[in-house]
Structure formats: C-alpha cells, structure tokens
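Every number in this text was worked out from the coordinates using simple rules, so none of it is lab data. None of these values were measured; they are calculated from a predicted model. Cβ coordinates were reconstructed from backbone atoms using ideal geometry, including for glycine residues, and neighbour counts include every protein chain displayed.
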Amino acid sequence: MAKLRAHNISLSLDGCVAGPNQGRDNPLGEGGEALHEWLFATRYADDKGGPGDGETGIDNDYAIAGDVGIGATIMGRNMFGPIRGPWRGESWTGWWGDNPPYHHDTFVMTHHPRASVPMEGGTTFHFVDGALDSILGVAFEAARGKDVRLGGGAETIRQFLRAGLLDEIHLAVVPILLGSGERLYDGLGLWPGYEVTRVDRSPRVTHVTFGRTA
C-alpha cells in the first residue's frame with residue numbers, strides 16, 4: 001500500500017528546521033544553511049548539481065532513500081517561497097530555478113488559488129486547498145501507485161503528524177543550536193501513534209526514523 005513519507009528533514013538540537021528571519025535572500029533563515037551541510041557533502045548532492053567530490057556512506061544512503069519509490073510531493077507554501085497572502089502576480093516559481101529537483105506532480109498547500117505551473121524536467125506545481133486527507137488523496141492519485149513525499153515546512157509536517165496521516169518521517173539531527181526559528185516539535189506532545197523505528201549515526205548527524213505504531 002502506498003505511503004506518505006518525509007525524508008531528510010534536517011533538524012537542529014533545539015528542534016528547528018530553519019533559522020529565524022527567513023526571506024527571499026535568506027530562504028533557510030539565519031544559520032539555517034548549516035542544517036544541510038551534511039547533505040551538501042554527499043555524492044547525492046553532486047548528482048543534483050552540487051559542488052563535486054561528494055562522499056558515499058551512510059549520509060549518502062539516507063539522502064538517496066528519500067527519492068526511492070516517490071511519485072508525487074506535497075509541500076507547504078512557506079517551503080515553496082517567501083510570498084505570503086494573495087499571489088502578487090505569478091512570476092514566482094519556487095527556489096529551485098527552471099528545473100526543480102522533483103520531476104513529478106508537486107502539490108503546494110495554500111489558501112490562495114493559482115494556476116498550475118509546469119516546469120522543466122517533469123515537475124508541475126499545483127496549488128491546492130482543502131482538508132489534508134483530500135489533498136493527500138489527490139497526490140496519491142497523481143503518484144499512480146508510488147509513495148508520496150511530504151516536504152516542509154515545519155507547520156505542514158506538524159499538521160500531517162497531528163492528523164496521523166504521515167506513515168514515516170526521517171529526521172537528520174544536526175549537532176548545532178539555532179536558538180529560534182521554525183520549530184518542528186511544538187504542539188506535538190509525545191507524538192502519540194508514532195515510535196522510533198531506526199537510529200543511525202554518522203560523523204555529521206544522527207538519523208532518526210519514526211513510523212506509525214498501527
């Protein structure tokens with residue numbers, strides 16, 4: 001049965017997936033780029049257009065696993081871009097340039113309608129509103145039997161966790177403190193309905209995977 005999965009969610013020791021003061025010129029917030037240094041160092045990142053000389057090993061294995069068997073992606077509007085409220089024109093098409101890394105239907109959750117945006121490489125951004133289970137159903141249909149990946153940001157992940165709709169989440173816990181920013185754990189209590197299913201460590205991060213208990 002197809003699943004909803006979240007992978008390679010980089011998290012600081014104080015629970016932040018992005019630093020404070022995010023914006024167009026600072027998409028990961030202050031200090032946020034340090035959350036992803038482990039990923040940028042992998043051969044996987046090189047295959048996505050990284051700097052070269054990427055490493056193999058456990059971090060690379062986790063990075064690759066996040067793409068395996070995925071047929072569609074859901075993300076929050078904050079992950080798609082810095083624009084809030086009604087769209088001011090339709091020139092913004094995401095942080096990723098003309099050829100985003102998704103290469104399949106990608107659903108952006110927003111209360112403000114907008115026409116779908118086809119991009120190079122097979123990515124099409126669709127802008128969707130409604131109940132979480134309805135959005136997930138549309139994404140599963142687009143995935144055609146494959147799994148659906150849940151991107152970010154933090155509030156989007158929290159919504160699906162609280163609803164019990166997220167089947168698996170992999171966190172890469174980075175040994176830094178950001179002090180403030182976009183916090184993942186707020187309002188989740190003890191994560192009822194989820195349990196740790198795997199823990200691995202590399203020199204850069206600790207990989208923790210949660211799955212549903214039922």
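Numerical summary
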read-out	value
Calculated over region 110-190: convex hull of Cα atoms, volume per residue (Å³)	158 Å³
Region 48-134: radius of gyration over Cα atoms, expressed as a fraction of 2.2 N^0.38 Å	1.25
Around E168: net Lys/Arg minus Asp/Glu count, Cβ-Cβ under 15 Å	+1
C-alpha center-to-center spacing [region 164-202, region 3-21] in angstrom	7 Å
Gyration tensor over alpha-carbon atoms, the chain, equivalent ellipsoid semi-axes in Å	24, 21, 19
Net +/- balance of residues flanking D186 in space, Cβ distance below 14 Å, scoring K and R +1, D and E -1	0
The chain - mean residue ellipticity at 222 nm from DSSP helices (-39,500 (n - 2.57) per run, n ≥ 4, rounded to 500)	-5000 deg cm²/dmol
Backbone N within region 1-28 under 19 Å of label point (7 Å from S180 Cα along the Cβ vector)	12-28
